[in-house]
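S.K.: Have a look at this one before I ask anything.
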Amino acid sequence: MIVRSFFWWLPLLGACATAGNLRAGEAKEIAPTGRLRAAINLGNAVLAQKDPATGEPSGVSVDLARELGRRLGLPVDLVVYDAAGKVVEAVKSGAWDVAFVAIDPERAAEISYTAPYVVIEGTYAVPADSPLRRIEDVDREGVRIAVGARSAYDLYLARTLKHARLVRAPTSPAAIELFEKEKLEAVAGVKPPLVQLARGDPRVRVIEGRFMTIEQAMAAPRGRAGAVRYLRAFVEEMKSSGLVARSLERSGQRDALVAPPAPAE
């Protein structure tokens with residue numbers, strides 16, 4: 001689904017540089033069609049949320065997309081997906097110009113990343129009476145872990161688990177539903193939605209600690225070197241200006257952290 005958005009002037013975004021700072025040809029390389037098509041993943045509630053009344057997406061990734069469009073002097077089309085794996089798959093058809101996904105080496109074959117702008121913990125939720133108490137307890141024979149297919153934590157756990165079995169759902173929210181419906185031993189995901197689940201259901205608890213740190217970055221299709229160079233500088237300014245922090249606060253994502261500055265190249 002594509003949501004057309006023209007509100008890149010929103011006061012939330014504050015004072016920023018103009019499109020005049022672009023190098024020649026950069027806007028065209030970032031958005032060859034003349035419209036900035038930004039892939040928004042509603043499967044990660046830390047990055048994007050859907051207004052239940054209007055259906056409009058919001059959140060830090062939406063704010064970044066709108067500010068980027070303002071700087072480029074281009075209208076913004078929000079191309080909405082319900083899972084990160086679908087975002088990555090869609091790059092093959094040229095469906096988007098920029099995306100907001102977790103850094104993973106497997107995805108790097110198709111897309112190029114900026115440094116992260118948000119850092120989130122990946123952890124497990126389990127039944128409240130489960131004998132699984134520590135992160136390392138989960139990787140044992142007979143343990144079934146619900147996970148959103150092709151999510152960053154699915155890719156990571158597929159590489160690192162030795163004994164437990166992954167049970168994949170189409171999206172990360174669907175993985176929580178699968179965990180509950182099939183009475184699986186655990187569900188893997190980003191920490192904030194799992195904490196929210198446990199707060200609302202005393203039959204569920206979140207295991208302390210994390211199995212990975214998930215670095216959320218902006219991305220562009222591979223081969224657009226000028227676009228990636230611009231996006232990397234853009235992300236660093238959005239972190240240092242406080243836009244990322246303000247957006248996370250506005251959207252209630254207080255368990256997510258603004259990523260530290262990228263090392264100088």
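The values are calculated or read from the model by the stated rules, or taken from the named source; none is laboratory data. Keep in mind it's a predicted model, so treat the numbers as computed, not measured. With ligands, DNA and RNA removed, areas are computed over all heavy atoms of the protein, side chains included. Shrake-Rupley method; radii C 1.70, N 1.55, O 1.52, S 1.80 Å.
S.K.: At 4 °C and a viscosity of 1.567 mPa s, what translational diffusion coefficient does Stokes-Einstein give for the stretch 70-176, taking Rh as the Kirkwood radius over Cα pairs? Give it in µm²/s as a whole number.
M.R.: Value of D from the Cα-based Kirkwood radius: 81 µm²/s.
S.K.: Let me ask another. What is the extension gain from A233 to T33, computed as 0.36 nm multiplied by their sequence separation minus the C-alpha to C-alpha distance, in nm to one decimal?
M.R.: So the extension gain works out to 69.8 nm.
S.K.: Scan around I214 for amide H atoms under 5 Å from its own, H built in the peptide plane at 1.01 Å from N, and keep only partners 5 or more places away or cross-chain.
M.R.: The list, which skips near neighbours in sequence, is I120, E121, G122.
S.K.: Ok, one more. Which order do you get for K239, K28 if you rank them by accessible area with a 1.4 Å probe, largest at the top? Don't skip to the end; give the middle numbers.
M.R.: Working: K239 25, K28 135 Å².
The most accessible residue leads, giving K28, K239.
S.K.: For the full complex of protein chains and a 1.4 angstrom probe, list K191, K50, K181 by accessible area with the highest value first.
M.R.: Sorted by accessible area, descending: K181, K50, K191.
S.K.: Something else: Past the 19 angstrom mark, what percentage of all C-alpha to C-alpha distances in the stretch 190-265 do you count?
M.R.: 53 percent
S.K.: A further question follows. Relative to the longest principal axis of the chain, what angle (0 to 90°, nearest 10) does the C-alpha long axis of helix 172-181 take?
M.R.: That works out to roughly 20 degrees.
S.K.: Can you list the lysines whose alpha carbon is less than 17 Å from that of K181, not counting same-chain residues fewer than 8 positions off?
M.R.: In chain and number order, there are no partners.
S.K.: With all protein chains present, calculate the accessible area of I176 using a 1.4 Å probe and round the result to the nearest 10 Å².
M.R.: I176 exposes around 30 Å² with every protein chain in place.
S.K.: Report, to the nearest 10°, how far helix 60-72 tilts away from the longest principal axis of the Cα atoms in the chain, using its own Cα long axis and a range of 0 to 90°.
M.R.: Value to nearest ten degrees: 10.
S.K.: Relative to the first principal axis of the alpha-carbon coordinates of the chain, what is the inclination of helix 225-240, with its axis defined by its Cα atoms, in degrees from 0 to 90 and to the nearest 10?
M.R.: Here the helix axis deviates by roughly 70 degrees.
S.K.: Evaluate Rg over Rh across the chain, taking Cα atoms for both radii and Kirkwood's formula for Rh.
M.R.: 0.98
S.K.: I would also like to ask the following. Under the definition of Cα pairs under 8 Å and six or more residues apart, what whole-number percent is the relative contact order of the chain? Kindly include the intermediate steps, with their values, before the conclusion.
M.R.: Numbers: 526 pairs, mean separation 66.4, N = 265.
Across the chain, relative contact order equals 25 percent.
S.K.: Which entries of K92/K239; K191/K239; K28/K92; K92/K162 have Cα-Cα distances beyond 27 Å here?
M.R.: K92/K239; K92/K162
S.K.: Now for a different question. For the chain, what is the accessible area per residue in Å² when the probe is 1.4 Å?
M.R.: With the other protein chains kept in place, the chain gives 46 Å² per residue.
S.K.: Heavy atoms only, probe 1.4 Å: what % of the accessible area of the chain goes to carbon and sulfur, would you let me know? Display every interim value, and only then the final one.
M.R.: Values: 6550 of 12290 Å².
That share works out to 53 percent.
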